[in-house]
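Q: My structure is below; once you've seen it, I'll send some questions.
The values are calculated or read from the model by the stated rules, or taken from the named source; none is laboratory data. Fair warning: this is a prediction, and the values are worked out from it, not measured in the lab. Note that we place each Cβ from the backbone using ideal geometry, even for glycine, and neighbour counts take in every protein chain shown. What goes into the accessible areas is simple: the full protein's heavy atoms, side chains included, and nothing from ligands, DNA or RNA. Shrake-Rupley method; radii C 1.70, N 1.55, O 1.52, S 1.80 Å.
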Amino acid sequence: RPVVSCLGYLRGYKGLEIACKAVARLEGVQLVIAGPRFRRYDLEPLRRALRSAQGVLIDRRLSDQEFADFTAASDASLLPYTAVTTSGVLVSSWSLGTPVVASDLPLFQEFIPEAGPAARLFATGDPISLANAIADLLAVPRERRVAAAQVGAVGQHHRVPGVVAALVADD
């Protein structure tokens, strides 16, 4: 069964309950939410939402190796944020060959200018839109998703190889 994950600090703006509602609509998809709880984040609504999604909650800080293992084992990283200024999970996911499904907030729009095998956007706060984006991404063969994520939409969009070559030439 496909596995989708939400990893990192458990915080209100991360839209974790939205992820639960979306995954509950998808037959056979498993959800893993893992990370330490931010001190003001109430876990009870998340635990209730996880029951309908038949998801797993790991409420603790993951080691770097665990984070990498969970990310690499996931068929997609979910970023259902309702607000964002930066995201280490986005770049970490791509660097580990895991595609992402992210809310259509400006930061994610910049990194994901169009849908492809490495990423999909969905309407922020809308679990039906998220469920559809997950299903669309999972319909792409796994090998294609992994290869596209490894190449990295970030590298294609920002032309990282050209930047690196210029830096090396200046050295």
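Q: Between G35, G55, which is buried (at least 16 other Cβ atoms within 10 Å of the Cβ), more than 11 Å from the chain's Cα centre (by Cα) and on the phi > 0 side of the Ramachandran plot?
A: On the way: G55 fails: on the phi > 0 side of the Ramachandran plot.
Answer to the check: G35.
Q: Can I ask one more? Counting only residues that are in contact (Cβ under 8 Å) with a residue 12 or more places away in the chain and assigned to a loop (DSSP other than H, G, I, E, B), which one in the stretch 10-31 is nearest to L78 (Cα to Cα)? Outline the logic, then answer.
A: First, pick out the residues of the stretch 10-31 that are in contact (Cβ under 8 Å) with a residue 12 or more places away in the chain: 10-26, 28-31.
In the following step, the residues that additionally are assigned to a loop (DSSP other than H, G, I, E, B) were identified as 11, 15, 25-26, 28-29.
Details: R11: 14, G15: 10, R25: 15, L26: 14, G28: 16, V29: 13 Å.
By that ranking, first place goes to G15.
Q: Can you find a residue that is free of Cβ contacts under 8 Å to residues at least 60 places away in the same chain and surrounded by 15 or more Cβ atoms within 10 Å (Cβ to Cβ) anywhere in the stretch 1-9? Even if it seems obvious, please write down each step before you answer.
A: Taking the stretch 1-9 as the starting set, the residues that turn out to be free of Cβ contacts under 8 Å to residues at least 60 places away in the same chain are 1, 9.
Retained after the next criterion (residues that are surrounded by 15 or more Cβ atoms within 10 Å (Cβ to Cβ)): none.
No; the residues of the stretch 1-9 include none that is free of Cβ contacts under 8 Å to residues at least 60 places away in the same chain and surrounded by 15 or more Cβ atoms within 10 Å (Cβ to Cβ).
Q: Looking at (1) touching a Pro at 6+ places or on another chain (Cβ under 6 Å); (2) loosely packed, with under 13 Cβ neighbours inside 10 Å, which one does A19 not meet, given that it meets all the others?
A: (2)
Q: Among residues belonging to the stretch 32-82 that are touching a residue at least 60 places away in the same chain (Cβ under 8 Å) and in a loop (DSSP other than H, G, I, E, B), point out the one that is farthest from V3 (Cα to Cα).
A: The residue in question is T82.
Q: I'm checking my understanding of the structure. Among residues of the stretch 99-118 that are at pLDDT below 95 and open to solvent by less than 30 Å² (accessible area, probe 1.4 Å), which one is farthest from the chain's Cα centre (by Cα)?
A: If we take residues in the stretch 99-118 being at pLDDT below 95 and open to solvent by less than 30 Å² (accessible area, probe 1.4 Å), then G116 is farthest from the chain's Cα centre (by Cα).
Q: Here's something else I'd like to know. Quickly run through the stretch 1-27 and pick out the residues that are under 16 Å from R48 (Cβ atoms) and among the acidic types (D, E).
A: Within the stretch 1-27, E17 is the sole residue that qualifies.
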